[in-house]
Protein chains: 2
Amino acid sequence: MNDYQFILVKVKGNFVWHTHHETDEVFIVLEGAISIAFIDGEVRLSKGEMYVVPKGVEHKPYAEEECHIMLIEPRGVVNTGDSRGELTAHNDVWI
Amino acid sequence: MNDYQFILVKVKGNFVWHTHHETDEVFIVLEGAISIAFIDGEVRLSKGEMYVVPKGVEHKPYAEEECHIMLIEPRGVVNTGDSRGELTAHNDVWI
C-alpha cells in the first residue's frame, strides 16, 4: 500500500535483538502467539492482536511454538534492523 | 504507525461512491463480510481477508449484515474521499 509492505512470516524460536531507527513496525498475529521482549519488559500477543513497536526501540521477537504473523512497515526495511547477521533476510521475495 | 492510522469501523448498509485521489486504502475484515463495488465489478471479503483499493479507483463499500473492519491509510484521510456529505466523518475520534 503506497510505499508500505505487508509481510507474512512464520516465526518459531528466538529472533535477534535489533532496532529500526527509521520507522515504527506493526505486528499482527494471524495464528498462534508471539512474545516481543524489550529492555524493560515484554508483551505477549495472541491471534488477532496487534502491536506497534515504536521507532528506535530495541526489541527481540520470539515464539515457543510456530506462529504466523503479518508485519507492516515501509518497503525495504531490513528485518534485523541494525543487527545484520545470518538471520538477515534478502528483501526481495514477493508472493 | 509513523504517519498512518488504523481505523476500526462497524459497517452496515451502503456507503457512498468515492475516490481517494491521494492514497491507496487497505481493508481488513475482522468480523462478518463486506463487499466493495467498483465501476467494473466488485470484491467480497470475509473475515481474515484483506484488500488494497488503489489510489484513484472509485469504490463503494457495502455490507448486508453488520461487519467489523480495520482500515489502514495515511493519517487525516477523509472517509468519503472526494464525495463530501452526511456520511463524511469528523476525523478526530481516537480510542
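Every read-out reported here was derived from the displayed coordinates using simple, explicitly stated rules and does not represent laboratory data. Since this is a predicted model, take the numbers as computed values, not measurements. Here the Cβ is made from the backbone with ideal geometry for all residues, glycine too, and neighbour counts use every protein chain on show.
Please work out the FRET efficiency for the pair A:H21 and B:N14, using the Cβ-Cβ distance as r and a Förster radius of 41 Å; give the result to the nearest 0.05. Present the calculation step by step, with values, prior to reporting the outcome.
Details: r = 45 Å, r/R0 = 1.09.
Using R0 = 41 Å, I get an efficiency of 0.35.
Show me, for the stretch A:60-75, the HN-Hα J-couplings you get by feeding each phi into the Karplus relation (A = 6.51, B = -1.76, C = 1.60, θ = phi - 60°), rounded to Hz, glycine and proline as x.
Karplus values, whole Hz, x for Gly and Pro: 9, x, 7, 9, 6, 10, 4, 9, 10, 10, 10, 9, 10, 6, x, 3.
Distances in nm, one decimal, shortest first, from B:K60 to the same residue in every other copy, taking the label point 7 angstrom along Cα→Cβ.
5.5
Which stretch or stretches of the stretch A:47-63 have amide N atoms under 16 Å from the point lying 7 Å from A:M70's Cα along the Cα→Cβ direction?
Zone members listed by number: A:47-52.
Filter A:K12/A:K47; B:K10/B:K55; A:K10/A:K60 down to the pairs with a C-alpha to C-alpha distance above 18 Å, please. Let's see the in-between values first.
Working: A:K12/A:K47 15 Å; B:K10/B:K55 23 Å; A:K10/A:K60 15 Å.
From the list (A:K12/A:K47; B:K10/B:K55; A:K10/A:K60), the Cα-Cα distance tops 18 Å for B:K10/B:K55.
Could you check which residue among B:D24, B:D82, B:D40 shows the biggest mean-square fluctuation in a GNM of chain B with a 10 Å Cα cutoff?
Ranking B:D24, B:D82, B:D40 by mean-square fluctuation puts B:D40 first.
What distance in nm separates the simple spin-label points at B:V52 and A:E31, each placed 7 Å from Cα in the Cβ direction?
That separation, rounded to one decimal, is 2.3 nm.
Mean separation of Cα pairs under 8 Å and 6+ residues apart, divided by the residue count of chain A: what relative contact order is that in percent?
On the way: 215 pairs, mean separation 38.5, N = 95.
Averaging sequence separation for qualifying contacts and normalising by length gives 40 percent for chain A.
Let me know the shape class of chain B, please: from the alpha-carbon gyration tensor, a ≥ b ≥ c as square roots of the eigenvalues, rounded when a/c is under 1.5, otherwise prolate if a/b is greater than b/c, or oblate.
In terms of gyration-tensor shape, rounded.
Given a Förster distance of 41 Å, report the FRET efficiency between B:D82 and A:I39 from their Cβ-Cβ distance, rounded to the nearest 0.05.
On the way: r = 46 Å, r/R0 = 1.12.
FRET efficiency, B:D82 to A:I39: 0.35.
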